[in-house]
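Notes to accompany the following structure.
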Amino acid sequence: MDLTSLTSVEPFTTRDGSTIHELHHTALQSLAQATLEPGQTTRRHYHRRSEEIYFLLEGKGEMELEGDRKLLTEFKYGRSIWARD
């Protein structure tokens, strides 16, 4: 069993400027908190062997998956998005 917390991991900044606290990581998945400032965007990226699940804490935005763009204004605290093919 591997127990960790946000306060025990060192955050890092990605090339697009988002701040990441990665709690767990394997070859196929990771669990991380990603933070964006208002108006900030992330770069398009692709995961060959993994999927991503997003859990929104606050704010709004949009997400695109294989050309399907969704406005996330209807997502509120406690809802999640599973980015999979």
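The values are calculated or read from the model by the stated rules, or taken from the named source; none is laboratory data. Note that this is a predicted model, so its numbers are computed, not measured. Here Cβ is always computed from backbone atoms with ideal geometry, including for glycine, and neighbour counts include all displayed protein chains.
Residues of the range 19-35 that are over 18 Å from residue 80 (Cα atoms) and modelled with pLDDT under 90: 25, 26, 27, 28.
Is it true that residue 41 is touching a Ser or Thr at 6+ places or on another chain (Cβ under 7 Å), hydroxyl-bearing (Ser, Thr, Tyr) and either at pLDDT 75 or above or closer than 21 Å to residue 12 by Cα (or both)?
Against the criterion (touching a Ser or Thr at 6+ places or on another chain (Cβ under 7 Å), hydroxyl-bearing (Ser, Thr, Tyr) and either at pLDDT 75 or above or closer than 21 Å to residue 12 by Cα (or both)), residue 41 does not qualify.
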